[in-house]
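What follows is calculated from the coordinates using simple rules that are stated; it is not laboratory data. Keep in mind that what you see is a predicted model, and the values were worked out from it rather than measured. As a convention, Cβ positions derive from the backbone with ideal geometry for all residues, glycine included, and neighbour counts pool all protein chains shown.
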Amino acid sequence: MRNRIALLALTALFPLFAQAEVNISEPWVRATTSQQKATGAFMKLETSRPMTLIGARSPVAGVVEVHEMATEAGVMKMRAIPKLALPAGKVTELKPGSYHIMLMDLKAPLPAGEKVEITLVLEDEQQQRHEQTVTAEVRPLNSTAPAQRHQHGKH
Ligand SMILES: [Cu+2]
């Protein structure tokens with residue numbers, strides 16, 4: 001407890017040393033089947049000053065990219081983007097059907113319940129790099145939004 005207070009005091013005195021540049025919440029990864037070599041990682045990002053997500057890496061994947069979804073000739077497709085701006089004071093949500101972190105060249109299947117470490121590489125306005133690592137929980141394949149009941153047809 002005392003350590004924690006000391007640490008908080010230090011952080012307040014020396015904001016440059018503050019570790020959490022970006023507040024990352026609800027990180028999760030979609031579970032994979034044994035044939036799948038890629039999956040998405042999702043989370044909410046909130047920053048107090050403008051930051052840019054310029055990349056990511058994870059011990060479970062050979063290649064990690066930042067992806068967006070875009071409509072091409074009427075078909076929703078995902079594609080890699082070099083960076084994603086995180087405006088200050090706003091929550092940027094990485095979620096299914098939108099921005100996500102793509103874990104590719106997976107070294108092993110990711111069953112639900114597993115934990116995956118993901119390191120985000122961020123850049124501030126002074127082009128200074130910051131890295132933040134989160135532990136994301138692997139959730140079942142059909143995870144999207146909060147579970148919906150009554151999905152059967154009309155009565
Ligand atoms: Cu993707």
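Key figures
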| quantity | calculated |
| --- | --- |
| Failed condition for Glu65, given (1) within 12 Å of the ligand (Cβ to nearest atom); (2) touching a Leu at 6+ places or on another chain (Cβ under 8 Å) | (2) |
| Count - residues of the range 100-131 that are touching a Ser or Thr at 6+ places or on another chain (Cβ under 7 Å) and either on the phi > 0 side of the Ramachandran plot or in contact (Cβ under 8 Å) with a residue 24 or more places away in the chain (or both) | 10 |
| Unique residue being of a type in the set (A, V, I, L, M) and more than 23 Å from Thr33 (Cβ to Cβ) when the list is Leu84, Leu103 | Leu84 |
| Selection count where residues are touching a Leu at 6+ places or on another chain (Cβ under 6 Å), within 24 Å of Arg129 (Cβ to Cβ) and more than 12 Å from the ligand (Cβ to nearest atom), scope the range 32-55 | 5 |
| Met102 being among the aliphatic types (A, V, I, L, M), within 14 Å of the ligand (Cβ to nearest atom) and surrounded by fewer than 14 Cβ atoms within 10 Å (Cβ to Cβ) | no |
| Selected residue [under 19 Å from Asn23 (Cα atoms) and either in contact with a helix residue (DSSP H, G or I) (Cβ under 6 Å, 6 or more places away or on another chain) or of a type in the set (Asp, Glu) (or both)] from Glu114, Glu68, Glu123, Glu72 | Glu123 |
